[in-house]
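S.K.: I'd like to ask you about the structure that follows.
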Amino acid sequence: MSIIRTENLTKKFGDFVANDHINISVEENEIKCIVGENGAGKTTLMNMLYGLLRPTGGKIFIREKEVKINSPLDAISLGLGMVHQHFKLVPSLTVYENIFLGTEIEKKTAKGLRLPFLDEKKEIEEVQKLIDRYKFELNPLDKIEDISVGERQRVEILKMLYRNVDILILDEPTAVLTPQEADDLIASLKELRKQGKTIIEITHKLREVMELSDSVTVMKLGKVIGNVKTSETNEQELAQMMVGRDVVLSVANKHKTGGSQKEIYRVNNLCTINEYGKEVLHNISFSLKTGEILGIAGVEGNGQTELVNVLTGVMESTSGTVIANGNDITNKWPDELRKNGIAIIPEDRFAQGLCRGMDLAQNCIAGYHRRPDVCSRGLLKREVMEEKRDRMIRDFDIRVADPNGLIDQLSGGNAQKVIVAREFESKPQILIACQPTRGVDVGSIEFIHTQLLKFRDAGNAVLLISSELSEIMSLSDRVLVMYKGAIIGEIDPQHTTPEEVGLLMAGIEINPVSAEQKVKQD
């Protein structure tokens, strides 16, 4: 018997259909993964099940009984809880205080009268029982701000389990975890299944799908296009279903280090503070050579965003220098950086890389609009802009319904391709690429990875910042790992295991073997 089922569930935002007659069924005590490219409608579906959105049409059944879920409180009362991708914890409170937030236990007199005080001892005991029952390694008295990201993930899960949910929805639960933390979470979820829980997970990591789930539902453009048992499929078939064609899941990277490489970019002792006056970058130093991809790995929130912001002119450094082609470009504005041969793929494509209110041709020259080939006497050359746009559409396989339409018409992957095409069109020598494939489908990932490798192989340099460890390890010639605003180590991706990188990402220093040492040992 299914524990949760939808019948023609539909959600519209104006004329846009985000979910189109969705029919899914999740069996009791199974782990179901929901996969699909960015914009496929996965999170919209889960938000309807959790009461954050109300359906436009269709029905939801729990244990074959039709239910109306108008709020998260309704969902929890029906035994359904959700752990969001971005944690909803109070950093200054302890583990047990976060779990009981909103459901605190009040002290009582011997006669059962309620007192206006919290029974902290009872709360701690209850949380410890919960930790022991589900075999989570946590200390109820630790503050959230002092524990790892993986431990915070467990606290979020325990918040739901304390509320006696039977169905647990997780939205991209391993997106900000180290490899070890991701493995620990997978083990914990399997343990929860053994104890009778049903789990629905949204993820784009196909290896994780194969390792964790019992069944998979594939969504595309707001519709369910396939339901398969995990034991009867593989990563390649799932990728093909998501994209609609055969996809290379890992591009061939023939590392190009050595030879006539020369230093083209150097960062020396870079520091900066955030808006609260806290130092968030601590003496960052590294060099970048021609014909090289230098990867920067780390769990999100360890200074990568601030580093990119300083290097791209969005934030100012408090000390240190940045040198490109022998020129001091410290704290220069983005247009000055571009004049020094630096191209930028920003972390958030719509917040920093594209303008929703401009058409495709305008976005294709954004940031380069003062160049004489597209601008004369303060006037843009529309014909030249459209020629550039059409060439980018052709060369970078950008799928558009209307070339003259707004950038908003494009899917996430195609919008990202516009940025990649625009930056490569400028013929740079150095590319700062931050999260270049975030939120794009596997087909676009394949294309963008190929372009990055071609750019490097032409003798250029790439600084690649990504939270996707597989992306960093497969594309980079060298990898630096950041932890709490500092570089904690450098590794050779060809001769280092993901487990060793995971230790560094967790702040545990190791002594990775260099490529030369590895050859000698072998």
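S.K.: Can you name every residue in the stretch 316-333 that is β-branched (Val, Ile, Thr) and part of a strand (DSSP E or B)?
M.R.: Once the filter is applied, which keeps residues that are β-branched (Val, Ile, Thr) and part of a strand (DSSP E or B), the stretch 316-333 yields THR321, VAL322, ILE323.
S.K.: Here is a follow-up. Among the residues of the stretch 458-487, which ones are assigned to a strand (DSSP E or B) and either free of Cβ contacts under 8 Å to residues at least 24 places away in the same chain or under 16 Å from the mean Cα position of the chain (by Cα) (or both)?
M.R.: Step one: filter the stretch 458-487 for residues assigned to a strand (DSSP E or B), giving 461-465, 478-483, 486-487.
Listed by number, the residues that qualify are LEU464, ILE465.
S.K.: So if I check each of GLU336, GLU383, GLU306, which one is without any contact (Cβ under 8 Å) to a residue 12 or more places away in the chain, assigned by TED's automatic domain parsing to the domain that holds ASN404 and either part of a helix (DSSP H, G or I) or buried (at least 20 other Cβ atoms within 10 Å of the Cβ) (or both)?
M.R.: Matching residue, one of GLU336, GLU383, GLU306: GLU383.
S.K.: Return the residues of the stretch 195-250 that are of a type in the set (D, E, K, R), surrounded by fewer than 20 Cβ atoms within 10 Å (Cβ to Cβ), part of a loop (DSSP other than H, G, I, E, B) and at pLDDT 85 or above; say none if nothing qualifies.
M.R.: The answer is ASP214, and nothing else.
This table checks each residue for (1) part of a loop (DSSP other than H, G, I, E, B); (2) touching a Leu at 6+ places or on another chain (Cβ under 7 Å); (3) closer than 26 Å to TYR50 by Cβ; (4) in contact (Cβ under 8 Å) with a residue 40 or more places away in the chain.
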residue	(1), (2), (3), (4)
ASP74	no, no, yes, no
MET82	no, no, yes, yes
THR103	yes, no, yes, yes
ASP132	no, no, no, no
GLU145	no, no, no, yes
ARG152	no, yes, yes, yes
LEU158	no, yes, yes, yes
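S.K.: Another one. Return yes or no: is GLU97 among the acidic types (Asp, Glu), assigned to a strand (DSSP E or B) and assigned by TED's automatic domain parsing to the domain that holds ASN234?
M.R.: Numbers: among the acidic types (Asp, Glu): yes; assigned to a strand (DSSP E or B): no; assigned by TED's automatic domain parsing to the domain that holds ASN234: yes.
So GLU97 fails the test.
S.K.: What pairs come out if I take residues in the stretch 268-281 that are free of Cβ contacts under 8 Å to residues at least 40 places away in the same chain and pair them with residues that are of a type in the set (A, V, I, L, M, F, W, C) and part of a loop (DSSP other than H, G, I, E, B) whose C-beta lies under 9 Å away, six or more apart or interchain?
M.R.: ASN274/MET315
S.K.: So, one more: With (1) more than 30 Å from ASN325 (Cβ to Cβ); (2) modelled with pLDDT of 90 or more; (3) not in a loop (DSSP other than H, G, I, E, B) as the list, and PRO403 as the residue in question, which single condition is left unmet?
M.R.: (3)
S.K.: In this structure, is THR103 surrounded by 10 or more Cβ atoms within 10 Å (Cβ to Cβ), among the hydroxyl-bearing types (Ser, Thr, Tyr), at pLDDT below 90 and within 20 Å of TYR162 (Cβ to Cβ)?
M.R.: Spelling it out, THR103 is indeed surrounded by 10 or more Cβ atoms within 10 Å (Cβ to Cβ), among the hydroxyl-bearing types (Ser, Thr, Tyr), at pLDDT below 90 and within 20 Å of TYR162 (Cβ to Cβ).
S.K.: Moving on. Please tell me if ILE393 is under 29 Å from ASN309 (Cβ atoms), of a type in the set (Val, Ile, Thr) and under 28 Å from the mean Cα position of the chain (by Cα).
M.R.: No: the conditions fail for ILE393.
S.K.: Related question: Going by what's in this entry, would VAL440 be described as surrounded by 22 or more Cβ atoms within 10 Å (Cβ to Cβ), in contact (Cβ under 8 Å) with a residue 12 or more places away in the chain, in a helix (DSSP H, G or I) and not polar (S, T, N, Q)?
M.R.: Values: surrounded by 22 or more Cβ atoms within 10 Å (Cβ to Cβ): yes; in contact (Cβ under 8 Å) with a residue 12 or more places away in the chain: yes; in a helix (DSSP H, G or I): no; not polar (S, T, N, Q): yes.
The answer is no for VAL440.
S.K.: Output the number of the condition that GLY313 fails; it satisfies all remaining conditions of (1) without any contact (Cβ under 8 Å) to a residue 40 or more places away in the chain; (2) assigned to a strand (DSSP E or B).
M.R.: Going through (1) without any contact (Cβ under 8 Å) to a residue 40 or more places away in the chain; (2) assigned to a strand (DSSP E or B) one by one, GLY313 breaks only (2).
S.K.: Take the conditions assigned to a helix (DSSP H, G or I) and touching a Leu at 6+ places or on another chain (Cβ under 8 Å) and apply them to PHE447. Does it pass?
M.R.: So PHE447 does not fit the description; no.
S.K.: A further question follows. Go through the stretch 160-194 residue by residue and tally those that are outside any loop (DSSP other than H, G, I, E, B), farther than 17 Å from ASN29 by Cβ and in contact (Cβ under 8 Å) with a residue 60 or more places away in the chain.
M.R.: Final tally of qualifying residues: 5.
S.K.: While we're looking at this one, here's another question. Take the residues in the stretch 467-484 that are over 18 Å from VAL308 (Cα atoms) and among the aliphatic types (A, V, I, L, M); name whichever of them is modelled with the highest pLDDT.
M.R.: If we take residues in the stretch 467-484 being over 18 Å from VAL308 (Cα atoms) and among the aliphatic types (A, V, I, L, M), then LEU475 is modelled with the highest pLDDT.
S.K.: Identify, by number, the condition in (1) farther than 21 Å from ALA461 by Cβ; (2) within 20 Å of the chain's Cα centre (by Cα); (3) not acidic (Asp, Glu) that LYS381 doesn't meet.
M.R.: Going through (1) farther than 21 Å from ALA461 by Cβ; (2) within 20 Å of the chain's Cα centre (by Cα); (3) not acidic (Asp, Glu) one by one, LYS381 breaks only (2).
S.K.: Tally time: how many residues in the stretch 312-345 are in contact with a Cys (Cβ under 9 Å, 6 or more places away or on another chain) and among the hydrophobic types (A, V, I, L, M, F, W, C)?
M.R.: Selection size over the stretch 312-345: 2.
S.K.: Do you know which residues across the stretch 386-400 are surrounded by 13 or more Cβ atoms within 10 Å (Cβ to Cβ) and not in a helix (DSSP H, G or I)?
M.R.: Across the stretch 386-400, the qualifying residues are PHE396, ASP397, ILE398, VAL400.
The values are calculated or read from the model by the stated rules, or taken from the named source; none is laboratory data. Bear in mind the structure is a predicted one, so any value in this text is a computation, not a measurement. Ideal geometry is used to build each Cβ from the backbone, glycine not excepted, and the neighbour counts take in all protein chains shown.
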